[in-house]
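Peer 1: Got a structure for you, questions after.
Each reported figure results from applying straightforward, stated rules to the coordinates on display, with no laboratory input. The structure presented is a predicted model; accordingly, all values stated were derived computationally and were not measured. For neighbour counting, all protein chains shown are included, and Cβ atoms are generated from backbone atoms with ideal geometry for every residue, glycine included.
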Amino acid sequence: MTILPRRALTRVDDLIESGLAPADQANALLQVAEAFRIRLSAEMHSAITTPDDSIARQFLPDVAELNIRPEELHDPIGDTTYSPTPGLTHRYPDRVILAATHTCEVYCRFCFRREAVGDEGALPEADLAAALAYIAATPAIWEVILTGGDPLVLSPRRLSALMQRLSAIPHVEIVRFHTRVPVVAPARITAQMIKALQARPTTYLVLHTNHVQEITPAAQAALAKLADAGIPLLSQSVLLKGINDNAATLETLFRTLLRNRVTPYYLHHCDLARGTSHFRTTIAAGQAIMAQLRGRLSGIGLPTYVLDIPGGFGKVPIGPGYVEPEGDAYQITDWQGRRHSYRDPDAPQA
């Protein structure tokens, strides 16, 4: 297929015209689009080399999304279960998630919020005010995680205003941004955007990226701007079948992130969002990949492999086990699969 000049795409007709979707699947893909929104940014459109490469599979609709399995959920991580006000999730005592917007620059086909994103744009002022009032009235809240949607689709002016309102709450010391923007729309990382992010309280930015193909020269330049501004950069990735479910692909991604001053933070097991079973590996497969990575990648490049327990019960590490009790000792497995006996030293006498 011939791929036409690159631009943001939001409709099935756009995808067919650009050579990214087969015309004979138009009706089925329209059914997918009715259930789950489509958006491919111009940057990611430009990075696609073939209609089935590692970027295309993440962002282009697939008829496999019409296969809804009984275990898949509308709200797989329980956002609404722990929502004291609209747009706010308070699952852990010391931190909250604030969905500042429902809009993204791209709509990932595996997103756990895929049925909510794109609904209303920015959080309405009345809901935002209620969320900020709840945060102000809850002294245990130390960290606010801005997500959505993608908070960096908001203008620098709106972000700066939000940061000022959060800064006025004394017990909020950390604001964390979860975003794809530096890779999928790097032109948005301007001096004005960085200034908005630098407002107090302390800001961390967690970049969502799943494959090294996403880290274009423009993305690398955007990450350099953020790092040079002193904003700590972490990453989170999702383990995706057929995209990054092997140690070599993840090793390349994590090494590239480290070179760009981004510390790998989380590798997520794919959530039970509706219509995503074709992306999901087994936990055993993920554990095997993490075991391989431990021997071939520096510890600073190893994220924690986690499962977000369905129903809103939180994240837990699910990496491979290296320690097994054996009598009054332990069997320890090293990165090459060799087993070693280890016994705790005797406790000191009182």
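Peer 1: Roughly how many debye, to the nearest 20, is the charge dipole of the range 261-350 about its Cα centre, given +1 on each Lys and Arg Cβ, -1 on each Asp and Glu Cβ, and no other charges? Show your work: numbers first, answer last.
Peer 2: Values: 9 positive and 8 negative charges, 111 e Å.
Dipole about the Cα centre, nearest 20: 540 debye.
Peer 1: Working only with C-alpha atoms, what are the Rg and Dmax values of the range 250-334, expressed in angstrom?
Peer 2: Taking only Cα atoms of the range 250-334, I get Rg and Dmax of 15.0, 47 Å.
Peer 1: Can you list the trypsin sites (Lys or Arg not before Pro) in the range 242-350 that are in a DSSP coil and have 16 or fewer other beta carbons within 10 angstrom?
Peer 2: R261, R338, R343
Peer 1: Magnitude of the Cβ-charge dipole of the chain, K/R +1 and D/E -1, about the Cα centre, nearest 20 debye? Kindly include the intermediate steps, with their values, before the conclusion.
Peer 2: On the way: 33 positive and 36 negative charges, 203 e Å.
Value, rounded to 20: 980 debye.
Peer 1: Same structure again: Give me P(r) over the range 12-63, computed from all C-alpha to C-alpha distances, binned every 10 Å, as integer percentages.
Peer 2: The distribution over the range 12-63 is 26, 61, 13, given as percents.
Peer 1: Please check which bits of the range 268-295 a label hung off E324 would reach, taking the label as a point 7 Å along Cα-to-C-beta and the cut-off as backbone N under 20 Å.
Peer 2: 283-295
Peer 1: So, one more: Given H placed 1.01 Å from N in the peptide plane, which residues other than close sequence neighbours of T304 have an amide H under 5 Å from its amide H?
Peer 2: Y266, L267
Peer 1: Moving on to the next point. Once label points are set 7 Å from the Cα along Cα→Cβ at both T252 and T138, what is their separation, rounded to one decimal in nm?
Peer 2: Label at T252, label at T138, 4.2 nm between them.
Peer 1: Quick one: among H278, H178, H45, which has the greatest mean-square fluctuation in a GNM of the chain with alpha-carbon springs under 10 angstrom?
Peer 2: For the chain, modelled as a Gaussian network with Cα springs under 10 Å, the answer is H278.
Peer 1: For the chain, what does the helix formula give at 222 nm: sum of -39500 (n - 2.57) over DSSP H segments with n ≥ 4, over the residue count, nearest 500 deg cm²/dmol? Don't skip to the end; give the middle numbers.
Peer 2: Details: 11 runs with 100 residues, N = 350.
Helix-only estimate at 222 nm: -8000 deg cm²/dmol.
Peer 1: Sticking with this one: Between W335 and A224, what is the spin-label point distance in nm, taking each point 7 Å from the Cα along the Cα→C-beta axis?
Peer 2: Output for this residue pair reads 3.0 nm.
Peer 1: Determine the percent antiparallel among the DSSP beta bridges restricted to the chain, to the nearest 5.
Peer 2: 35 percent
Peer 1: For the chain, set up a Gaussian network in which alpha carbons nearer than 10 Å are linked by springs, and say which option among D75, D245, D14 fluctuates the most.
Peer 2: In this elastic network of the chain, the residue with the biggest mean-square fluctuation among D75, D245, D14 is D14.
Peer 1: Mind telling me which of P325, P317, P93 comes out most flexible in a GNM of the chain, alpha-carbon contacts under 10 Å?
Peer 2: P325
Peer 1: Hey, how many Å between the Cα centroid of the range 61-118 and the Cα centroid of the range 212-257?
Peer 2: Between the Cα centres of the range 61-118 and the range 212-257 lies a distance of 22 Å.
Peer 1: Isolated Cys in the chain by the 4.7 Å beta carbon test?
Peer 2: By the Cβ distance rule, which asks for a partner under 4.7 Å, the isolated cysteines are C104, C270.
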